[in-house]
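Quick notes on the structure that follows.
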Amino acid sequence: MRAKLIYLLYWTLQALAFPFLLLYLALRIHRNAAYANKVMERFGFLPDSLHRTVPGAIWLHAVSVGEAITAVGLLQRLKQELPFAPIYVSCTTLAGRAMAEQKLTGLADGVFYAPIDYRFAVRRVLRALKPSVVIVMETEIWPNLYRDTCRSGARLLVVNGRISDKALPKYLRFRWFFRAALAWPDAILAQDAIASARYEQLGAPHAIAAGNLKYDFDPESTSIAPAVHDWLRRYDPERIWIAASTMPPAEPGDPDEDDIVLETFELLRERFPRLLLILVPRRPERFDEAAAKLTARGIPFQRRSKLTEESVPVLLVDTIGELSGLFRVADVVFMGGTFPHRGGHNILEPAAFGVPVVTGPHMENFSEIAADFRAAGAVVTVKEPVDLAIAVGRLLYDRSIGEIGRQLSDERRGATGRAVDAVVHAYEAAVVRPIGWNQLGWLWQAGVAVDRALKTMRLDQPPQPVISVGNLAMGGTGKTPFVLWLCERLAERGHRPAVLTRGYQRTTSEPVTTLLPGERASVERTGEEAQLILRAGHAALGIGADRQAARWALSKQYLYDVIVLDDGFQHWRIRRNLDIVLIDAIDPFRNGLPPRGTLREPFSALRRAQAVVITRTQPGRTYQGLLDEIHRHNPRVPIFQASVQAEVPAVPPGTTVGAFCGLGQPEGFKQTLQNLDLSISFFRVFPDHHHYTEQDLQPMSMRSQLLLTTEKDLLNIDPDLAQTCKVEAVRMKLILTDEPNLLDLIGRVLPPLE
C-alpha cells in the first residue's frame with residue numbers, strides 16, 4: 001500500500017511537471033539543434049524497424065559514452081550465449097548515442113534514445129520491443145521504467161551498479177521514495193561491496209557485489225585509427241602524455257583541468273622538448289574551448305578531426321570513441337575529473353595497458369578501485385595541481401607503477417561472466433505478457449463461459465477414447481505437426497486413428513467430408529491442414545464444422561478405435577479422455593484475450609489440461625519462467641517440450657534464396673530458417689491461409705533463384721505457378737524431448753489391441 005501511494009505521488013508530480021519538461025526540451029533544442037534529431041523517441045515513438053511482433057529481445061540502457069563502451073564486452077558475450085535474442089540499446093545523451101552507433105555495430109540490432117520516465121512513453125517502448133530482459137547500466141533509477149518492465153513479465157537487472165559518494169546523501173534523503181522503485185529489480189549486480197551496501201541502505205533487497213565490468217576491458221579489442229597511427233609514426237615523439245577526460249569546475253573554487261594540463265605541459269617541455277601531449281576533453285562542447293586555450297598560450301596543436309602531416313607538440317582529440325585505443329601508445333596518463341569535484345573517471349583502461357596513471361584527489365565515483373590501486377602502489381594521487389608536473393615527469397621515466405596496475409586489473413576480471421550468467425538466467429525466467437488493462441477482455445471471457453455452459457449440456461460421448469489436441473491461442477502453435485506425429489505413433493502401435501477436424505478454409509459445398517487412410521482429395525475439399533494429415537496416410541479424416549456429424553458419418557465407413565480431436569480444447573460438445581494443450585514458446589501470451597490479443601482463453605484454463613506441450617523450443621533452453629507460469633495454474637500437469645527439425649531442399653552453392661509464409665505465427669518459420677545454414681535474402685509474411693497468385697510470387701522470384709515456404713503454404717499455390725517461380729517447401733518433423741513418457745501417458749487412455 002505504501003508503494004502504491006509513493007507511485008501515485010510520483011505520477012501526480014509528473015503530471016504537474018509535464019509542461020516544464022516540454023519547455024526544457026524546447027530550450028535544449030534551441031541551444032543545440034542536434035537535440036531535435038529523433039526527439040520523438042524520447043516520448044516512446046520508435047522507428048518501425050525496431051518494432052517486434054514477438055517477445056524475446058534484450059533492451060540494454062546505457063546512459064552515455066562510458067556506459068556504452070563498458071557494455072561492449074557484455075554484449076559480445078550475450079551474442080554468443082543468446083544468439084537468437086535481438087539486442088536493442090538506448091542512450092540518454094547525444095554523445096552516448098553517437099558512441100553506441102559507432103561501437104556497437106554488429107552487436108546491437110538497434111540504437112535509440114531512452115524514453116522519458118512517463119508511463120505512456122515507457123509502455124510504448126515495451127510494447128514495441130517486447131523485451132524479455134531489460135538491463136540498466138550503472139546508476140539509473142527510473143521508477144516507471146522499473147515498475148512497468150516487471151509488470152510486463154520481463155526481467156529487470158541493474159548491471160555494474162554504483163552510487164557515488166556525492167550522490168549517496170541525496171539518495172538517502174529520499175530513501176522512502178527510492179525504496180519503492182528498488183524493490184522491482186530482480187537483481188542488482190553492484191560493482192563492489194561498497195556499492196552493494198549503499199543499495200541495501202536505500203532498501204534494495206537483491207543487491208550483490210558482482211565486480212566491475214570495466215575490469216574486464218580487453219586491450220586487444222581496441223586499435224588506433226590509421227590516420228593517427230601514421231601521424232604518430234612521422235612525428236616519432238620522445239614521450240607521450242595523455243590527459244584523458246579533462247573536466248571543467250564543478251563547484252566554486254574548483255580548477256579547470258585543461259588549464260592545469262597546459263600549465264603542466266609548458267613546464268615539462270623544458271625537460272622533454274619532444275614530449276607529445278594528447279589532450280582529450282571529456283565533453284564535445286569543450287573541444288572548441290580547449291582549442292582556444294591552446295591558441296591563447298601560443299602552443300602549436302592539431303585537431304584530430306583536421307589532421308595534417310604537420311608535426312606539433314599537442315594533439316587535441318576532438319572526436320568520440322578513440323581514447324581507449326590511444327592508451328596503448330602512452331607513457332603516462334593523467335585521468336581527468338579528479339581535480340574538480342567530479343568524482344573521477346575510469347582508470348582501469350589505461351591500467352590494462354600497463355600505463356602509469358596519475359589522478360587528482362577526487363576519485364569518489366570509483367572509491368573502491370582507487371583504494372585498491374593506492375594500497376598496491378598502482379596509481380599516483382596528486383593533491384594539488386602544482387605537483388602534477390613532478391608526478392608526470394617522474395613517471396615518464398619509470399613505468400613500474402604501470403605494471404603493478406596491469407596485474408591488479410588482470411586479477412579482478414570476471415564481472416562480465418557473472419553478468420552474462422545473470423542475464424541468461426533472467427531470460428529463461430521471463431514470461432512476457434500484455435501490459436496494461438484489456439478493457440473488453442472480460443466480455444470475451446464471459447462469452448466463452450456462456451458458450452461452454454450451453455454446449456456441454458448436449459455432450460457427445462463416443463464409445464472410442466478421444467484425445468484432444470488444442471491450444472489457448474488462435475492458431476500458430478504447431479498443432480498440425482503434433483497431430484501428424486500423434487497419428488503416426490498411434491498407427492505404429494497398431495491403432496486405427498480417426499482425426500476430426502473442421503477443415504478451416506476449405507471451399508467445398510459439402511458440409512461433411514469423410515476420407516479413409518490412403519484416399520486422396522483436393523485441398524478445396526479438405527483445407528490445408530487436413531490435407532497434410534491426409535497425405536501422411538496414418539489416419540482417417542472426418543472434416544466439417546459440425547464435428548459430431550463428421551464422427552457419425554465416418555463411423556459408417558471406417559472402424560476406428562481412437563479419435564484425435566483436432567483443435568479440440570475449446571470444442572465443448574465432445575467428451576475427451578485426454579486433453580493435450582500446445583503452447584507456443586515464442587509468444588505464449590499472444591497479447592492476451594480479444595480484442596487486444598489472440599488468446600481464446602487465459603492461462604487459467606490450463607487447469608483442464610492433462611498434458612501440456614511447449615512447441616517451437618530452442619535446444620539448450622530451459623523456459624523456466626513459462627514452466628512456472630503453467631504450473632501456477634495446474635501444479636500437477638506434465639509438461640513436454642517439442643522442437644522442429646527442418647528438411648531443406650538441396651540448394652546449389654551461390655543460389656540466392658528468399659522465403660515467405662502465411663501462418664498464424666510466422667516467427668516460428670523464420671526462426672527455423674535462422675537455425676539452418678542458409679543465407680536468406682528476404683523473408684515476407686502473408687496473412688494466415690493466404691491463397692497465392694502470380695502477382696504475389698512473381699516479384700519475389702525476380703529477387704531470388706529459389707523461394708522457400710512451408711508445406712501448408714505450398715498447398716495454396718497452383719503447382720504450375722510453384723514450378724515457374726521455383727517455390728519449394730521446407731518439410732518439418734516434430735521432435736519431442738521426452739517422447740516415451742508422453743506416449744506412456746497417451747497409452748493409458750487407449751483401448752487394448754485386439
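No value in this document is a laboratory result; all are computed from the given coordinates. All of these numbers come straight from a predicted model, not from anything done at the bench. Every residue, glycine as well, gets a Cβ built from its backbone with ideal geometry; the counts of neighbours run over all protein chains shown.
Can you give the FRET efficiency for GLU524 and LEU753, using 1/(1 + (r/R0)^6), R0 = 25 Å, r = Cβ-Cβ distance, to the nearest 0.05?
About 0.10, to the nearest 0.05.
Which residue, chosen from ALA250, TRP437, LEU172, occupies the Cα position most advanced towards the positive end of the dipole of the chain, where the dipole is computed from +1 (Lys, Arg) and -1 (Asp, Glu) charges on Cβ about the Cα centre?
TRP437
Calculate the translational D of the chain in whole µm² s⁻¹ from Stokes-Einstein, where the hydrodynamic radius comes from the Kirkwood formula applied to all Cα pairs, the temperature is 4 °C and the viscosity 1.567 mPa s.
Approximately 43 µm²/s, per Stokes-Einstein.
Which whole-Hz ³J(HN,Hα) couplings does segment 137-148 yield from phi under the Karplus relation 6.51 cos²θ - 1.76 cosθ + 1.60, θ = phi - 60°, glycine and proline marked x?
Computed from phi, the couplings for segment 137-148 are 7, 6, 9, 5, 10, 10, x, 6, 4, 4, 5, 6 Hz.
With charges only on Cβ, +1 for K and R and -1 for D and E, what is the dipole size of segment 404-509 about its Cα centre, in debye, rounded to 20?
Using Cβ point charges on Lys, Arg, Asp and Glu, segment 404-509 gives about 240 debye.
Just grab the label-to-label distance for LEU16 and GLU403, each label 7 Å out from Cα along the Cβ direction, in nm (one decimal).
6.3 nm
Between THR617, ILE586, THR598, whose Cα lies farthest towards the positive end of the dipole of segment 553-626 when Lys and Arg beta carbons carry +1 and Asp and Glu beta carbons carry -1, centred on the Cα centre?
THR598
On a straight-distance basis, which lysines could pair with LYS712 in a cross-link, Cα separation under 19 angstrom, same-chain partners fewer than 8 positions away excluded?
The reachable lysines, counting only those whose Cα sits under 19 Å from LYS712, are LYS479, LYS670, LYS726, LYS733.
Based on Cβ point charges of +1 for Lys and Arg and -1 for Asp and Glu, what charge dipole magnitude is obtained for the chain about its Cα centre, in debye rounded to the nearest 20?
Roughly 2320 debye, rounded to the nearest 20.
Amide H neighbours of LEU593 under 5 Å, counting only residues 5+ apart in sequence or on other chains, H built in-plane at 1.01 Å?
LEU599
Would you mind calculating the gained length between ILE735 and ASP254 on full extension (0.36 nm times residue separation, minus the Cα-Cα distance), in nm to one decimal?
Here the segment from ILE735 to ASP254 would lengthen by 166.4 nm.
With labels modelled as points extended 7 Å from the Cα through the Cβ direction, what inter-label distance (nm, one decimal) is found for HIS51 paired with LEU678?
2.7 nm
Given axes a ≥ b ≥ c from the Cα gyration tensor, I'd like to know whether segment 105-166 is rounded (a/c under 1.5), prolate (a/b larger than b/c) or oblate.
Oblate.
Whole-Hz Karplus ³J(HN,Hα) for segment 465-481, in order, using 6.51 cos²θ - 1.76 cosθ + 1.60 and θ = phi - 60°, x for Gly and Pro?
Per-residue couplings from phi come out as x, 10, 10, 8, 10, x, 7, 8, 9, 7, x, x, 10, x, 5, 4, x Hz.
At a Cα cut-off below 22 Å, give the lysines reachable from LYS103, other chains included and same-chain residues fewer than 8 away excluded.
Within the straight-line limit of under 22 Å, LYS103 reaches these lysines: LYS38, LYS79, LYS214, LYS306.
Describe numerically, in nm with one decimal, the distance between label points set 7 Å from Cα along Cα→Cβ at PHE120 and at THR308.
If labels sit at PHE120 and THR308, their model points lie 5.4 nm apart.
With r defined as the distance between the Cβ atoms of ALA375 and GLU488 and R0 fixed at 56 Å, what FRET efficiency is calculated, to the nearest 0.05?
0.20
Pop the C-beta distance of ALA227 and VAL685 into the FRET formula with R0 = 41 Å and round what comes out to the nearest 0.05.
0.35
Taking the Cα centre of segment 186-231 as origin, sum charge times position over the Cβ atoms of Lys and Arg (+1) and Asp and Glu (-1), and report the length of that vector in debye to the nearest 20.
It works out to roughly 220 debye.
Any chance you could run the full-extension gain for SER509 through ALA33? It's 0.36 nm times the residue separation minus the Cα-Cα distance, nm to one decimal.
Going from the current span to full extension adds 164.8 nm.
From the phi angles alone, apply the Karplus equation (6.51, -1.76, 1.60; θ = phi - 60°) to segment 498-510 and give each ³J(HN,Hα) in whole Hz, x where the residue is Gly or Pro.
Once rounded to whole Hz, the list reads 10, 9, 9, 9, 7, x, 4, 6, 6, 10, 6, 8, 6.
Quick check: residue separation of ALA296 and ASP451 times 0.36 nm, minus the Cα distance between them. What number comes out in nm?
Taking 0.36 nm per residue and subtracting the Cα distance, the gain is 47.3 nm.
As a check on your grasp of the helix formula, calculate [θ] at 222 nm for the chain: sum -39500 (n - 2.57) over DSSP H runs of n ≥ 4, divide by the residue count, round to the nearest 500.
That calculation yields -11000 deg cm²/dmol at 222 nm.
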